[in-house]
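The values are calculated or read from the model by the stated rules, or taken from the named source; none is laboratory data. Worth saying up front: this structure is predicted, and the values here are computed from it rather than measured. So basically every Cβ, Gly included, is an ideal-geometry build from the backbone, and we count neighbours across all protein chains shown. Surface areas here come from the heavy atoms of the whole protein model, side chains and all, with no ligands, DNA or RNA. Shrake-Rupley method; radii C 1.70, N 1.55, O 1.52, S 1.80 Å.
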Amino acid sequence: MSERVFTDRRQPLAWEYDGGRYRPTEIVRRILADATGVQRSPRGPAWWVLEDGRDLPTVAGVPERSTFDWAELHEALAAIPPGHWTTYGELATLIGTAAQPLGQHIQHCPACPNAQRVLGADGKPRPGFSWMDANETRSQQELLEAEGVRFSSGAADPSRHLDAEALTALFEQE
């Protein structure tokens, strides 16, 4: 099989196992699930290694992605004082990532302090927000209100919002 087959991202791979055509991530996801019972979305091309030891991103000339270091996010979250809030987008700007992966990280991270102080760009809690602590029964809004943040029509008081500039100033004080 020529390397050209591996460099066209639009062309799914033929899987001899079932004769279907899939993208590498789907094949790796199914193998992991069938072999281990683990349900996750791996970065499939990096798991696909050719006989000469190169993975698909290398063959396609795609730069390697490294795992993002969330330590700076954890420090920024710890710096947000009670009675204030910020957005996923503001934090993403501060630490150099995008809002969506940042939100996913916060949702699954037991080491993220003050997660209740992160709201959507509209100042409202996100519907998918959940606590890592199963014993926590208060909503984000209830906890923020207990810290002194007022809500109107479901949105937090904009005067208590910390934008990227304010976050940077707080973060630099730490």
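Which residue is most open to solvent (accessible area, probe 1.4 Å), if the candidates are limited to the range 129-143 and must be touching a helix residue (DSSP H, G or I) at 6+ places or on another chain (Cβ under 8 Å) and modelled with pLDDT of 85 or more?
Arg138
Is it the case that Arg126 is basic (Lys, Arg), more than 13 Å from the chain's Cα centre (by Cα), surrounded by 15 or more Cβ atoms within 10 Å (Cβ to Cβ) and closer than 19 Å to Ala169 by Cβ?
No; evaluated as a whole, the condition is false for this residue.
Is the range 32-51 home to any residue that is under 22 Å from the mean Cα position of the chain (by Cα), surrounded by fewer than 18 Cβ atoms within 10 Å (Cβ to Cβ), at pLDDT 80 or above and not in a loop (DSSP other than H, G, I, E, B)?
Within the range 32-51, none of the residues are under 22 Å from the mean Cα position of the chain (by Cα), surrounded by fewer than 18 Cβ atoms within 10 Å (Cβ to Cβ), at pLDDT 80 or above and not in a loop (DSSP other than H, G, I, E, B).
Only one of these conditions is not met by Gln104: (1) in contact with a strand residue (DSSP E or B) (Cβ under 8 Å, 6 or more places away or on another chain); (2) polar (S, T, N, Q); (3) within 17 Å of Ala71 (Cα to Cα). Which number is it?
Evaluating Gln104 over (1) in contact with a strand residue (DSSP E or B) (Cβ under 8 Å, 6 or more places away or on another chain); (2) polar (S, T, N, Q); (3) within 17 Å of Ala71 (Cα to Cα) leaves (1) as the failure.
Pull out all pairs, ordered by first then second residue, where Cβ-Cβ is under 6 Å, the residues are six or more apart or on different chains, the first lies in the range 71-87 and is assigned to a helix (DSSP H, G or I), and the second is acidic (Asp, Glu) and surrounded by fewer than 23 Cβ atoms within 10 Å (Cβ to Cβ).
From residues that are assigned to a helix (DSSP H, G or I), the pairs are Ala79/Glu174.
Which one of these does Leu73 not meet: (1) under 30 Å from Leu170 (Cα atoms); (2) at pLDDT 75 or above; (3) open to solvent by 40 Å² or more (accessible area, probe 1.4 Å)?
(3)
Six or more apart or on different chains, Cβ atoms under 6 Å: show the pairs whose first residue is in the range 14-38 and farther than 19 Å from Pro57 by Cα and whose second is assigned to a loop (DSSP other than H, G, I, E, B) and polar (S, T, N, Q).
Ala33/Gln39
Find the residue count for the range 144-164, including only residues that are charged (D, E, K, R), touching a helix residue (DSSP H, G or I) at 6+ places or on another chain (Cβ under 9 Å) and not in a loop (DSSP other than H, G, I, E, B).
1
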